[in-house]
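The values are calculated or read from the model by the stated rules, or taken from the named source; none is laboratory data. Being a predicted model, the structure only gives us computed values, none of them experimental. When we count neighbours, we look across all protein chains shown, and the Cβ atoms used for this are built from the backbone with ideal geometry, even at glycine.
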Amino acid sequence: MIAASIIAASVVAAMAVAQKSVYVSRQAFHTTQAGFLLEEGAEAVRVVRDNGWNNISSLTAGTVYYPTFSGGIWTLSTTASSIGIFSRTVGVDAVNRDSTTKHIVTSGGTLDSGTKLVTVTVSWLEGGATVSKTLQFYIIDIFS
C-alpha cells in the first residue's frame, strides 16, 4: 500500500513537471515567433518608406495599421489581419526636436516632418492572458 502510494505520487509529480515543461516550451516558441514577426514588421515599415516617404508621412498618429504583403509589396492597411495566433500592429507618431541642439524631445520643440516614431506590436493569447511584445524605432526620410 505504501509502495503504491509512493509510485502514484511520483507518477503524478512527473506528469505535472512534464505538463509545465510543455507549457514553458510553448511560451518560449511563441515568444521567438513574436520576435521574428516584430522584426518583419519593422522591415515592412522600412520597405513602405523606401517606396515613398509620403507612404509614411501621410499616416495618422493614433491610428492602428496592419502590415500586409500582397502582390509582392508591403502596405500598411487599417483592415485588421492576423498571422495564425498573432496580431501585429503598427503605430506612427510625430517627432519633435529641440530647435537648438536638434535632439529629439518628448515635449516642446519643433515638429520634425522628416522623422516618425514607429511602434510595432505583436500580441497573442497565452494561457488565457494576452501577451504583447513591442519594438519602437525612429524612421526618417532618407530621400529628401
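Below, the figures for the structure above:
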item: Residue selected from segment 126-144 under the condition touching a helix residue (DSSP H, G or I) at 6+ places or on another chain (Cβ under 9 Å), assigned to a loop (DSSP other than H, G, I, E, B) and under 26 Å from V48 (Cβ atoms), by the criterion modelled with the highest pLDDT; result: D141
item: Strands (runs of 3 or more DSSP E) wholly inside segment 30-125 that include at least 2 residues being within 17 Å of F137 (Cα to Cα); result: 66-70, 86-97
item: Tally of residues being closer than 19 Å to S57 by Cα and either touching a residue at least 24 places away in the same chain (Cβ under 8 Å) or not polar (S, T, N, Q) (or both) across segment 110-144; result: 18
item: Those residues of segment 1-45 which are within 18 Å of V131 (Cα to Cα), among the hydrophobic types (A, V, I, L, M, F, W, C) and within 22 Å of the chain's Cα centre (by Cα), in sequence order; result: V24, A28, F29, A34, F36, L37, L38
item: Residue check, I7 outside any loop (DSSP other than H, G, I, E, B), in contact with a helix residue (DSSP H, G or I) (Cβ under 8 Å, 6 or more places away or on another chain) and not basic (K, R); result: no
